[in-house]
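Asks: The structure follows.
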Amino acid sequence: MTPKYNKIHNRFKLNGLHFSYEDLKEVAYSLIKEGEPYEKVTGNFLIDWLNQDDFLYVITSGSTGQPKAIKLKKQAMVNSAIATGDYFGLEPGDTALDCLPSHYIAGKMMLVRAIILGLEIDCVKPSAHPIFDYEKKYDFCAMIPLQLKHTINYTQNIKTIIVGGSMITKPLLEQIKHSSSKFYETYGMTETVTHVAVRRLESTSGTGEEFFNALPNISFNKDERNCLVINASKLVEEALVTNDIVDLKSDTSFKLLGRFDNVINSGGVKLFPEQIEKKFQPVIDERFILAGEDDGTLGEKLVLIIENPRDCKDSIADRIKHLRDLTKFEIPKEIYVTDKFVETVNGKIQRNKTVKMVLDS
């Protein structure tokens, strides 16, 4: 029988203590009244989760558009938690570490997984460099790449770490290769109640995967733009059409190529900024993005935008030209510098706003 959203697993523990349904309400009120700012947010989420409504509202991160409130069914969140538990083999009594803010879906779902699957979850202050008990063994944790970058040397006691929210850089991927944990890059969004697919990353615990693989009860197809369509009836009522261009290997596996709205048509050649950016990572230390700028000859020309670089433009351009696997179309025609990228409240780059700000200035 599928667990219901208004039940708490009898193995669930929060920071070492078991709570009944009514007890957890009291904990929530206590966090709101006496907790630190991040704990107040957790308390507010728990109040929303434990009320009589069968839905709640979740704010999107705003990385690909304006942040907006999305109505999610609580049972869909339960179904997502079960799919994650099944995929990663999580069992009642397993330990979990929550270092994500409860503002957004990823942090909320860490708590829902614990409540529904019966995990013993420890919640720590969400920050770029989360502080937790490095000696304690954890079975499961979710992090954004920036958090993993700062804690990669302290994750040896975490069995499985899922990583999402932004691109994982090549230097971080190299560090992951030498770590003993199991790492998975996630694909998902607020509308799909976090991840619907994951991709194993290479570490000493196993080989990496090129393609994302679907969680249970989820399948994929493409539309006429070659954009991913997600079929997940237990999470969303209708098929969800994305703007993510993919190479579809099967109805449960795909490779992510880039965003449809980011594709650059330069002289008839389609360029995927996200793919080229991966090639640039070894030679650019700072944050950067590639974009298309209107051009009278090419239609659009490829340009590079760098945040507060230490080197001059000529030095950066020279390093790029010496990259072996670049085609001539992938070399930027211009390099622009800006002091600060436009970000969401949780630190994600707002690509379109940043490009507009730089090219209009």
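Asks: What pairs can you find where one residue is in the range 339-356 and farther than 16 Å from ILE59 by Cα, the other is among the hydroxyl-bearing types (Ser, Thr, Tyr) and assigned to a helix (DSSP H, G or I), and their Cβ atoms are less than 7 Å apart, with a gap of 6+ or different chains?
Replies: Listed by first residue and then by second, the contacts come to PHE341/THR354; VAL342/THR354.
Asks: List the number of the failed condition for GLY85; all other conditions in (1) out of contact with any strand residue (DSSP E or B) (no Cβ under 6 Å at 6 or more places or on another chain); (2) among the small types (Gly, Ala, Ser); (3) closer than 19 Å to LEU31 by Cβ hold.
Replies: Of everything listed in (1) out of contact with any strand residue (DSSP E or B) (no Cβ under 6 Å at 6 or more places or on another chain); (2) among the small types (Gly, Ala, Ser); (3) closer than 19 Å to LEU31 by Cβ, GLY85 misses just condition (3).
Quick grid of which residues meet (1) in a helix (DSSP H, G or I); (2) free of Cβ contacts under 8 Å to residues at least 60 places away in the same chain:
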{"position": "ARG11", "(1), (2)": "no, no"}
{"position": "SER30", "(1), (2)": "yes, yes"}
{"position": "LYS33", "(1), (2)": "yes, yes"}
{"position": "LEU46", "(1), (2)": "yes, no"}
{"position": "ALA76", "(1), (2)": "yes, no"}
{"position": "ASP86", "(1), (2)": "yes, no"}
{"position": "GLY93", "(1), (2)": "no, no"}
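Asks: Within the range 255-267, take every residue that is over 17 Å from the mean Cα position of the chain (by Cα) and of a type in the set (A, V, I, L, M, F, W, C) and give me the one that is least open to solvent (accessible area, probe 1.4 Å).
Replies: So, considering only residues that are over 17 Å from the mean Cα position of the chain (by Cα) and of a type in the set (A, V, I, L, M, F, W, C), the one least open to solvent (accessible area, probe 1.4 Å) is ILE264.
Asks: State all residues of the range 268-279 that are more than 21 Å from the chain's Cα centre (by Cα) and either closer than 15 Å to ASP244 by Cα or touching a residue at least 60 places away in the same chain (Cβ under 8 Å) (or both); if no residue qualifies, say none.
Replies: Hits for the range 268-279 are VAL269, LYS270, LEU271.
Asks: Now a separate question. Need the failing condition index for VAL198 against (1) crowded, with 16+ Cβ neighbours inside 10 Å; (2) more than 30 Å from PHE55 (Cβ to Cβ), just the number.
Replies: Just one mismatch for VAL198, condition (2).
Yes/no per residue for (1) assigned to a loop (DSSP other than H, G, I, E, B); (2) of a type outside the set (A, V, I, L, M, F, W, C); (3) crowded, with 16+ Cβ neighbours inside 10 Å; (4) out of contact with any Asp or Glu (no Cβ under 6 Å at 6 or more places or on another chain):
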residue: PRO130; (1), (2), (3), (4): yes, yes, yes, yes
residue: ASP133; (1), (2), (3), (4): yes, yes, no, yes
residue: ALA142; (1), (2), (3), (4): no, no, yes, yes
residue: LEU148; (1), (2), (3), (4): no, no, yes, yes
residue: ILE161; (1), (2), (3), (4): no, no, yes, yes
residue: GLU174; (1), (2), (3), (4): no, yes, no, yes
residue: PHE183; (1), (2), (3), (4): no, no, yes, yes
residue: GLY208; (1), (2), (3), (4): yes, yes, no, no
residue: VAL236; (1), (2), (3), (4): yes, no, yes, yes
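Asks: Separate question: Among the residues of the range 315-330, write down those that are in contact with a strand residue (DSSP E or B) (Cβ under 9 Å, 6 or more places away or on another chain) and open to solvent by 50 Å² or more (accessible area, probe 1.4 Å).
Replies: Hits for the range 315-330 are THR327, PHE329.
Asks: Which condition does LYS249 not pass, out of (1) exposed (fewer than 14 other Cβ atoms within 10 Å of the Cβ); (2) touching a residue at least 12 places away in the same chain (Cβ under 8 Å), if it passes all the others?
Replies: (1)
The values are calculated or read from the model by the stated rules, or taken from the named source; none is laboratory data. Just so it is clear, the structure is predicted and the values come from calculations on it, not from any experiment. Cβ atoms come from the backbone with ideal geometry, glycine included; neighbour counts cover every protein chain shown. Heads up: the accessible areas ignore ligands, DNA and RNA and are worked out on the full protein's heavy atoms, side chains in. Shrake-Rupley method; radii C 1.70, N 1.55, O 1.52, S 1.80 Å.
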